[in-house]
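Here's the structure we're looking at; comments come further down.
The values are calculated or read from the model by the stated rules, or taken from the named source; none is laboratory data. Worth saying up front: this structure is predicted, and the values here are computed from it rather than measured. Neighbour counts run over all protein chains shown; Cβ positions are idealised from the backbone, glycine included.
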There are 2 protein chains.
Amino acid sequence: MPYLSDRIELIRISPIRMIAALLDKARASRSIISFGGGAPSLPPPRELLEEIENLIREKPIKALGYCGTRGLPELRNLIAEDLKKYTGVEYDGEKEIMITDGSTEGIFLTFLSILNKNDEVILIDPTYLGYTEPIKLAGGRIVRIPAKVENGYQPDPEDLKNSVTKRTRAFVLLSPDNPTGRVISREFVKTLVDLAQEHDFWIIYDGAYQHIVYEGENTWPQSYPGAKEYTISVHTFSKEASIPGLRVGYVAAPKEVISAMEKLKQYTSLAPNTFAQYALLKFYENGVKERYLRDVVIPTYKSRRDLMGELIRKYLPEARTITPHGAFYFFVDIRPYLELMGRNDKEFASRLLYRKEVVVIPGSYFGSMGNGHVRMTFVSEPEERIKEGIERIWEFVFSYTI
Amino acid sequence: MPYLSDRIELIRISPIRMIAALLDKARASRSIISFGGGAPSLPPPRELLEEIENLIREKPIKALGYCGTRGLPELRNLIAEDLKKYTGVEYDGEKEIMITDGSTEGIFLTFLSILNKNDEVILIDPTYLGYTEPIKLAGGRIVRIPAKVENGYQPDPEDLKNSVTKRTRAFVLLSPDNPTGRVISREFVKTLVDLAQEHDFWIIYDGAYQHIVYEGENTWPQSYPGAKEYTISVHTFSKEASIPGLRVGYVAAPKEVISAMEKLKQYTSLAPNTFAQYALLKFYENGVKERYLRDVVIPTYKSRRDLMGELIRKYLPEARTITPHGAFYFFVDIRPYLELMGRNDKEFASRLLYRKEVVVIPGSYFGSMGNGHVRMTFVSEPEERIKEGIERIWEFVFSYTI
């Protein structure tokens, strides 16, 4: 067999994807309780499903045919209107919006579009796993600023100021955050926007959970005066429309960025899924999106969140966490228990699965600040199984610590 | 606005995608006759459409949920069986097959997986446009060997031998070919396999049109003894199932290559479209695929091909071309006419569109050997419009040459 490229050694298998097989097993076995993955567990909006049936019956050739690399103009225009509503910013659907294969492709194309060798990207630690490897593939370097449970997982604006160098090319902001559930503070975003303008770097905003907010309001960095020209805003329909398997997201950014991404996308995936885009037109019509979020998504997940929070406080009183105001997760500092057990977070997770058939994600997967933490999602299991899962965790910890 | 990366300047907008807007216009205006794009114009198999409706009614959460990065195991196993039938080669569905976002992603991941800086990739000139830019993005260099109409667009095995160097890392074989419709000769493939084994380079086989063969049989390089370990075989459902808008393809390769591609794909697109994969299970059941190709695809396109060939001979007797034994295109050397007209192939195409509303693709888009040629697809228009289109081309040429 001939050689493979050196870049393959540069990147690692995503730990989250490594446990995908585990989660498959969890789905197959009713006895495994999964607080692991972050996939929505609700059916998509009825109107979207009905539209798929209509498309198949009425225009299969058109709906299953190619579309342009940037995606359907009709959908891009609806997205622009929608962004206006939430961010207050005008985007031109033709020039400043591009449809992507989920936000994963949006993130990948973003880094390829902006990074030269040794350019620095500042990440919050802990944060989503999917940024580091594409930064490395694009030749960039990673700089981190911490977020700690004692500050509500809010990063410190002073740390951000101190981490900016001449080589800073971008800062990545995920809000609401995975794994912590933190909704970013307005104070931090204000500092971020000022620094980006002063030092001419990009704000990459990841809006994966933008509408999964239980209290207060999300902050979009492009909403600040003058910030639009510094912001690459990456989005997905996976969470807010509960359709991760259709692989559709979008990017909103200055037209030069969209042109650069379009050039790249021709060779990464040619064009987005036409069919899913036609179906998604219905998501923006007649208030479907707002109704689905307000009546289905938020109440279901909020209720599960409240239950899980209450149970964590009851059964793991020494643990420290925050009540997540958004997204799908509790990020729990369990160091008091780990010390008593003589285990780290990875050992905790693997033994918990083996002994009690409960899946949690080791916090160290999300950065060194996540050491001694576990991420637990409340969206995968119904309430009675959330209760049973936390009880099993308590039994597991108790068996070590008595 | 902050800077963009230098790599954006390295690559060009695909000329084919540049005319996508044009083709959109063609679709909107009945008066434009398109011999331009290469998208199937037939509805997908009925069984596949019915399955989409079933999925929506019976298991929307599962069908619209995430799957693993490599794709659904059931589909990968069916693909392995199918490849065995055509190539005679055993593939392990679990380890040696990965689902991709069309063959575009397969090609992109292939080059990222095998190329280091300045590694050489040998292409046939002319060939499909989609190889050069991802080779450049991966740091590779392009070497070309010619294919000429007088040799039936078959490349010369001697040219291949002479182009291999110490830096040769891969050869790309598209058969049946775009733009020429040539089905590769067994003699050439034999030489290719021998050279790959001797010099330890990859054979990248692009099977986009593998089943669109009108006479004779396609040759799969992995079918040769010992060749499997040297072959990365890239495929798509876009042409053979007429579903380009669903963006599904696959790669069959040694397990080390699939592992490398999986690592990369986690960050390019995370996972393939789950929904389309479930629907495609039906493509492999109960002889659906063979029946669809035999009863629908091949007879429809063959009849159009025969008509277009006859009309080219009648109306453009000085042009030189071959009867394509596969794929969707005539690649026509029109230099005798261009000389009389004092135009090159790009000017010919743009003036033809302006004056006569017929779309053809300039041959020089496919490599320097394509200068003075045009590519004309016979799959986009029904027969009466093929006739009208060729008559309009004749009128156009005639208006210049009398």
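Taken as a whole, region B:37-53 holds no residue that is charged (D, E, K, R) and either under 27 Å from B:Asn178 (Cβ atoms) or within 19 Å of the chain's Cα centre (by Cα) (or both).
For (1) assigned by TED's automatic domain parsing to the domain that holds B:Asn371; (2) of a type in the set (A, V, I, L, M, F, W, C); (3) buried (at least 17 other Cβ atoms within 10 Å of the Cβ), each residue gets a yes or a no:
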| residue | (1), (2), (3) |
| --- | --- |
| B:Ile145 | no, yes, yes |
| B:Tyr153 | no, no, yes |
| B:Pro157 | no, no, yes |
| B:Thr165 | no, no, no |
| B:Pro176 | no, no, yes |
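Taken as a whole, region B:356-366 holds at least one residue that is part of a helix (DSSP H, G or I) and closer than 19 Å to B:Ile32 by Cα. Against the definition (in the same structural domain as B:Ala260 (by TED's automatic domain parsing) and closer than 26 Å to B:Glu262 by Cα), how does B:Val172 come out, yes or no? It is true that B:Val172 is in the same structural domain as B:Ala260 (by TED's automatic domain parsing) and closer than 26 Å to B:Glu262 by Cα. Considering region B:55-73, and only residues there that are more than 28 Å from the chain's Cα centre (by Cα) and more than 7 Å from chain A (Cβ to nearest Cβ), the residue that is nearest to B:Ala271 (Cα to Cα) turns out to be B:Lys62. State yes or no: is B:Lys62 part of a helix (DSSP H, G or I) and farther than 23 Å from B:Val248 by Cβ? No: the conditions fail for B:Lys62. Restricting attention to region B:184-202, which residues are surrounded by 24 or more Cβ atoms within 10 Å (Cβ to Cβ) and β-branched (Val, Ile, Thr)? B:Ile184, the sole residue that qualifies. How many residues does region B:162-185 contain that are outside any loop (DSSP other than H, G, I, E, B) and touching a residue at least 24 places away in the same chain (Cβ under 8 Å)? Residues that pass the stated criteria total 8.
Residues checked against (1) in a helix (DSSP H, G or I); (2) in contact (Cβ under 8 Å) with a residue 12 or more places away in the chain:
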residue: A:Leu55; (1), (2): yes, yes
residue: A:Leu75; (1), (2): yes, yes
residue: A:Lys85; (1), (2): yes, no
residue: A:Gly93; (1), (2): no, yes
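Give region B:364-386 a look and list any residue that's within 25 Å of the chain's Cα centre (by Cα) and among the charged types (D, E, K, R), or say none. Correct list: B:Arg375, B:Glu381, B:Glu383, B:Arg385. For beta carbons closer than 8 Å, sequence separation of 6+ or different chains, a first residue in region A:105-124 that is over 26 Å from B:Thr104 (Cβ atoms) and a second that is of a type in the set (Asp, Glu), the qualifying pairs are A:Ile124/A:Asp177. When region A:214-239 is filtered for residues that are of a type outside the set (Gly, Ala, Ser) and closer than 19 Å to A:Thr180 by Cβ, the ones remaining, listed by number, are A:Tyr214, A:Glu215, A:Glu217, A:Asn218, A:Thr219, A:Trp220, A:Pro221, A:Val234, A:Thr236, A:Lys239. Considering only residues in region A:199-219 that are β-branched (Val, Ile, Thr) and assigned to a strand (DSSP E or B), the one that is nearest to the other protein chains (Cβ to nearest Cβ) turns out to be A:Ile203. Evaluation of B:Ile135 against the conditions (1) touching a helix residue (DSSP H, G or I) at 6+ places or on another chain (Cβ under 6 Å); (2) among the β-branched types (Val, Ile, Thr); (3) in contact (Cβ under 8 Å) with a residue 40 or more places away in the chain shows that the sole unmet condition is (3). Taking the criterion of being in contact with an Asp or Glu (Cβ under 9 Å, 6 or more places away or on another chain) and among the small types (Gly, Ala, Ser), the only residue of region B:173-206 that qualifies is B:Ser175.
From the list B:Ile361, B:Ile334, B:Ile298, the one residue that fits, being buried (at least 21 other Cβ atoms within 10 Å of the Cβ) and within 21 Å of the chain's Cα centre (by Cα), is B:Ile361.
Evaluated against (1) surrounded by 24 or more Cβ atoms within 10 Å (Cβ to Cβ); (2) under 15 Å from A:Glu318 (Cα atoms), A:Gly372 falls short on exactly one condition, (1).
Selection of region A:303-315 for residues being farther than 24 Å from A:Leu42 by Cβ and touching a helix residue (DSSP H, G or I) at 6+ places or on another chain (Cβ under 7 Å) yields only A:Tyr315.
Can you say whether A:Tyr224 is free of Cβ contacts under 8 Å to residues at least 40 places away in the same chain and under 30 Å from A:Glu158 (Cβ atoms), as far as the supplied structure shows? The answer is yes for A:Tyr224. Of all positions in region B:280-288, none carries a residue that is assigned to a strand (DSSP E or B), in contact with a helix residue (DSSP H, G or I) (Cβ under 7 Å, 6 or more places away or on another chain), at pLDDT 95 or above and in the same structural domain as B:Ile204 (by TED's automatic domain parsing). Is at least one residue of region B:235-256 of a type in the set (A, V, I, L, M, F, W, C), at the interface with chain A (Cβ under 8 Å from one of its Cβ atoms) and part of a helix (DSSP H, G or I)? Yes, some residue in region B:235-256 is of a type in the set (A, V, I, L, M, F, W, C), at the interface with chain A (Cβ under 8 Å from one of its Cβ atoms) and part of a helix (DSSP H, G or I).
A quick yes/no check of all residues on (1) modelled with pLDDT of 95 or more; (2) closer than 27 Å to B:Asp125 by Cβ; (3) not small (Gly, Ala, Ser); (4) not assigned by TED's automatic domain parsing to the domain that holds B:Ile312:
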| position | (1), (2), (3), (4) |
| --- | --- |
| B:Ser350 | no, yes, no, no |
| B:Glu357 | no, no, yes, no |
| B:Gly363 | yes, yes, no, no |
| B:Asn371 | yes, yes, yes, no |
| B:Arg375 | yes, yes, yes, no |
| B:Glu381 | no, no, yes, no |
| B:Lys387 | yes, no, yes, no |
| B:Glu391 | yes, no, yes, no |
| B:Phe396 | yes, no, yes, no |
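Restricting to region B:95-104, give me the number of residues that are outside any helix (DSSP H, G or I) and either at the interface with chain A (Cβ under 9 Å from one of its Cβ atoms) or free of Cβ contacts under 8 Å to residues at least 60 places away in the same chain (or both). Residues that pass the stated criteria total 2.
Considering B:Ile16, B:Ile11, B:Ile52, the condition of being farther than 21 Å from A:Leu72 by Cα, at pLDDT below 90 and within 10 Å of chain A (Cβ to nearest Cβ) is satisfied by B:Ile11 alone. Scanning region B:113-131 for residues that are under 23 Å from B:Phe328 (Cα atoms), at pLDDT 95 or above and within 10 Å of another protein chain (Cβ to nearest Cβ) yields one hit, B:Tyr131. Quick one: in region B:257-294, which of the residues that are at the interface with chain A (Cβ under 9 Å from one of its Cβ atoms) and polar (S, T, N, Q) is surrounded by the fewest Cβ atoms within 10 Å (Cβ to Cβ)? The selected residue is B:Ser259. Checking B:Gly140, B:Gly152 one by one, the residue that is touching a residue at least 12 places away in the same chain (Cβ under 8 Å) and within 12 Å of chain A (Cβ to nearest Cβ) is B:Gly140 and no other.
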